[in-house]
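Trainee: Next up is a structure, given as structure tokens.
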Amino acid sequence: MPNYLSPGVYVQEVEAGSRPIEGVGTAVAAFVGLAQKGPVNQPTLVTNWSQFANAFGDFMEGSYLAHSVYGYFLNGGGACYIVRIGADGHSPAAQAELPSAKDKALAGLRVLALEAGQPGNEITVEVSEASQPAEDTFKLLVSKGGKVEETYDNVTTRKGKNNVVTAVKNASKLIQLEEIGTAAALEKVPAPGKVTLQGGGAAMPARVTPDEYVGNSADRTGFAGLEAIDNVTMLSVPDLMAAYQRGLIDADQVKAVQLAMIAHCELMGDRVAILDAPPGLNAQQIREWRVDKAGYDSKYATLYWPWIKVFDPVAGQATFVPPSGHMGGIWARSDDTRGVHKAPANEVVRGAISLELQVTKGEHDQLNPQGINVIRAFPGRGIRVWGARTLSSDPAWRYINVRRLFNFIEGSVLLGTQWVVFEPNDMALWQRVKRTISAFLVRVWRDGALFGATPNEAFYVKCDGENNTSESIDAGQLIVEIGVAPVKPAEFVIFKIAQFSGGASLSE
């Protein structure tokens, strides 16, 4: 209370009413995999495909990360985090040869990019006349991305202080030169002209272990490093299957990584893992893999099958990719158009040319009860997601939208009630907290996320002396009990049609 010591008019700002709770984001994905370039084991935020390509490179043979991120944005995804792993492999450096001025069929110098990988393919080397022309002098211009970065004038192939190999070695940050053959110095003088370096390739790790995917939260590596990022709501590791296909890891190691993904999501409590099944499985094999081999049981994980066919610009033809990235984009699209309470199913998979296997209804009948969300092709309706289940055996958490709705409510309430900490724990605070949470849940109910004709039927908020005893108050605790009735999808639509007589009668 302020002290008023002299007569006068005083103005004091006071808080009135409840503080509003803002809804947290529900569609921020995290992808872990192999890339051409970019920071390693450092979660990097990208918001569109161009940002990803600039930071991590384009599509790469032997990796599904770029395809998954592209499919994520194509299907409506917004922001996502990229964690690059497996960057310890050797990348071939771009190079070119400078033809000799005396015999252009021969080359006396070889140009190598200092930076290994595809960035070296952007380097161009031009040979022109020196400012002080002589029999063995020339000018060397080094450009990158069309811009001249380095100039070496009046250099020669002879030994001495103006030797071009020595000058480039001492000053260049882009290239290095090597002499080819044993010809005389004059015969190695390059012919005027321009060459572009080629052959820079992406690094492919010689070996990828499950530890690289899982990582360590203390060192911020792998997907365990995502513990430091609160707004991630989806986790996908598409290149787990890329390593499995190349024989770098076996089936048991795939299961170990996917179990670690599930454990990470359960530990965080605010995100869901989107799992991929191994490639090349038919309906019976995927059921056996799900039930007998994998056996996952978690309300924080989902499984989609079969793989989808997309166009691969690197190979110049269509290829099959795991569906997790495209599914994350569909989750984001459904959240944006309908809300997190809407099951992300009966949605078209954008970018999908066809499926690895055309699933029949009889096969689907065996897979859906096991929590396998099947992607199916329907005549005239395209390729659609035809399942919205988690991998939980608990009927209360059977549907993806119920799990994600609770994640949304829990995250919003948690973030929007931080002001309560250290407030006086009395009945006035209880009522303020109750009003704050109730006002938020009314908005959620009006959006169609809660079942009930009235707010009282849709939710309740209890914060009174019954659940805040003197013992809990002495322990510094404020206990608020919240109950909500989530809407659940109409998974089985049943029309009962009967034949009956219209009751017509004949009369004369």
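The values are calculated or read from the model by the stated rules, or taken from the named source; none is laboratory data. Quantities reported herein were computed from a predicted structural model and do not represent experimental measurements. Note that each Cβ is placed from the backbone with ideal geometry, even for glycine, and that neighbours are counted across all protein chains shown.
Trainee: Which of the residues belonging to segment 167-195 are part of a helix (DSSP H, G or I), modelled with pLDDT of 80 or more and in contact with a strand residue (DSSP E or B) (Cβ under 9 Å, 6 or more places away or on another chain)? So that I can check it myself, show each step before the final result.
Mentor: Applying the first criterion (part of a helix (DSSP H, G or I)) to segment 167-195 yields 167-171, 186-188.
Within this subset, residues satisfying the condition of being modelled with pLDDT of 80 or more are 167-171.
Across segment 167-195, the qualifying residues are Ala167, Val168, Lys169, Ala171.
Trainee: Given the options Pro210, Pro279, name the one that is surrounded by fewer than 17 Cβ atoms within 10 Å (Cβ to Cβ) and farther than 17 Å from Tyr81 by Cα.
Mentor: Result of the check over Pro210, Pro279: Pro279.
Trainee: Would you check if there is a residue in segment 249-262 being of a type in the set (A, V, I, L, M), over 25 Å from Gln42 (Cβ atoms) and modelled with pLDDT of 85 or more?
Mentor: Restricting attention to segment 249-262, the residues satisfying the condition of being of a type in the set (A, V, I, L, M) are 249, 251, 254, 256-257, 259-262.
If we keep only those that are over 25 Å from Gln42 (Cβ atoms) too, we end up with 251.
Those still in the list that are modelled with pLDDT of 85 or more too: 251.
Yes, some residue in segment 249-262 is of a type in the set (A, V, I, L, M), over 25 Å from Gln42 (Cβ atoms) and modelled with pLDDT of 85 or more.
Trainee: Go through segment 431-486 and count every residue that is surrounded by 13 or more Cβ atoms within 10 Å (Cβ to Cβ) and polar (S, T, N, Q).
Mentor: 6
Trainee: Within segment 452-474, can one find any residue that is under 36 Å from the mean Cα position of the chain (by Cα), in a loop (DSSP other than H, G, I, E, B) and not assigned by TED's automatic domain parsing to the domain that holds Ser334?
Mentor: yes
Trainee: Failed condition for Ala27, given (1) within 22 Å of Ala224 (Cα to Cα); (2) free of Cβ contacts under 8 Å to residues at least 12 places away in the same chain, with all others met?
Mentor: Among (1) within 22 Å of Ala224 (Cα to Cα); (2) free of Cβ contacts under 8 Å to residues at least 12 places away in the same chain, the lone unmet condition for Ala27 is (2).
Trainee: Follow-up. Six or more apart or on different chains, Cβ atoms under 8 Å: show the pairs whose first residue is in segment 346-368 and under 16 Å from Glu288 (Cβ atoms) and whose second is part of a loop (DSSP other than H, G, I, E, B) and among the hydrophobic types (A, V, I, L, M, F, W, C).
Mentor: Here the result reads Leu367/Val359, each pair linking segment 346-368 to a residue that is part of a loop (DSSP other than H, G, I, E, B) and among the hydrophobic types (A, V, I, L, M, F, W, C).
Trainee: Do the conditions hold for Leu405, that is, is it assigned to a helix (DSSP H, G or I), free of Cβ contacts under 8 Å to residues at least 24 places away in the same chain and not assigned by TED's automatic domain parsing to the domain that holds Val291?
Mentor: no
Quick grid of which residues meet (1) in contact with a Phe, Trp or Tyr (Cβ under 7 Å, 6 or more places away or on another chain); (2) of a type in the set (Phe, Trp, Tyr):
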position	(1), (2)
Leu235	yes, no
Met241	yes, no
Leu248	no, no
Val254	yes, no
Val257	yes, no
Asp270	no, no
Lys293	no, no
Tyr296	no, yes
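Trainee: If you don't mind, another one. Can you name every residue in segment 241-281 that is out of contact with any Leu (no Cβ under 9 Å at 6 or more places or on another chain), hydrophobic (A, V, I, L, M, F, W, C) and without any contact (Cβ under 8 Å) to a residue 60 or more places away in the chain?
Mentor: Leu248, Ala251, Ala256, Leu259, Ala260, Ala263, Leu267
Trainee: Which of (1) in contact with a helix residue (DSSP H, G or I) (Cβ under 7 Å, 6 or more places away or on another chain); (2) crowded, with 21+ Cβ neighbours inside 10 Å is the odd one out, the single condition Asn373 does not satisfy?
Mentor: Asn373 satisfies all of (1) in contact with a helix residue (DSSP H, G or I) (Cβ under 7 Å, 6 or more places away or on another chain); (2) crowded, with 21+ Cβ neighbours inside 10 Å except (1).
Trainee: Now for a different question. Could you run through segment 123-154 and say how many residues are among the charged types (D, E, K, R), touching a residue at least 40 places away in the same chain (Cβ under 8 Å) and farther than 16 Å from Leu177 by Cα?
Mentor: 3
Trainee: Moving on. So in segment 206-234, with the set limited to residues that are in a loop (DSSP other than H, G, I, E, B), hydrophobic (A, V, I, L, M, F, W, C) and more than 14 Å from the chain's Cα centre (by Cα), which one is nearest to Tyr72 (Cα to Cα)? Break it down stepwise before answering.
Mentor: Step one: filter segment 206-234 for residues in a loop (DSSP other than H, G, I, E, B), giving 206-209, 215-221, 229-233.
Pick out the ones that are also hydrophobic (A, V, I, L, M, F, W, C) and you get 206, 208, 218, 229, 232.
So of that shortlist, the ones also more than 14 Å from the chain's Cα centre (by Cα) come out as 206, 208, 218.
Details: Ala206: 28, Val208: 24, Ala218: 29 Å.
Only one residue fits best here, namely Val208.
Trainee: Also, I was wondering about something else. Looking only at segment 324-363, count every residue that is crowded, with 24+ Cβ neighbours inside 10 Å, of a type outside the set (Gly, Ala, Ser) and not in a loop (DSSP other than H, G, I, E, B) and tell me the total.
Mentor: Residues in segment 324-363 being crowded, with 24+ Cβ neighbours inside 10 Å, of a type outside the set (Gly, Ala, Ser) and not in a loop (DSSP other than H, G, I, E, B): 4 in total.
Trainee: What residue, among those in segment 376-427 that are charged (D, E, K, R) and over 29 Å from the mean Cα position of the chain (by Cα), is surrounded by the most Cβ atoms within 10 Å (Cβ to Cβ)?
Mentor: The selected residue is Glu423.
Trainee: Are any residues in segment 287-323 of a type in the set (D, E, K, R) and either in contact with a Lys or Arg (Cβ under 7 Å, 6 or more places away or on another chain) or not in a loop (DSSP other than H, G, I, E, B) (or both), and if so, which ones?
Mentor: Correct list: Arg287, Glu288, Arg290, Asp292, Lys293, Lys299, Lys309, Asp312.
Trainee: Inspect all residues belonging to segment 411-432 and state whether any of them is outside the structural domain of Leu235 (by TED's automatic domain parsing), among the polar types (S, T, N, Q) and either more than 20 Å from Glu22 (Cα to Cα) or touching a strand residue (DSSP E or B) at 6+ places or on another chain (Cβ under 6 Å) (or both).
Mentor: Within segment 411-432, one or more residues are outside the structural domain of Leu235 (by TED's automatic domain parsing), among the polar types (S, T, N, Q) and either more than 20 Å from Glu22 (Cα to Cα) or touching a strand residue (DSSP E or B) at 6+ places or on another chain (Cβ under 6 Å) (or both).
Trainee: Do we have any residue at all in segment 62-71 that's closer than 30 Å to Val111 by Cα, out of contact with any strand residue (DSSP E or B) (no Cβ under 9 Å at 6 or more places or on another chain), in the same structural domain as Glu347 (by TED's automatic domain parsing) and of a type outside the set (Val, Ile, Thr)?
Mentor: Yes - at least one qualifying residue is present in segment 62-71.
Trainee: Continuing with the same structure: Any chance segment 370-378 includes a residue that's on the phi > 0 side of the Ramachandran plot and in the same structural domain as Met327 (by TED's automatic domain parsing)?
Mentor: yes
Trainee: Then there's this: Name the one entry in Phe56, Phe31 that is closer than 30 Å to His264 by Cα and touching a Ser or Thr at 6+ places or on another chain (Cβ under 7 Å).
Mentor: Phe31
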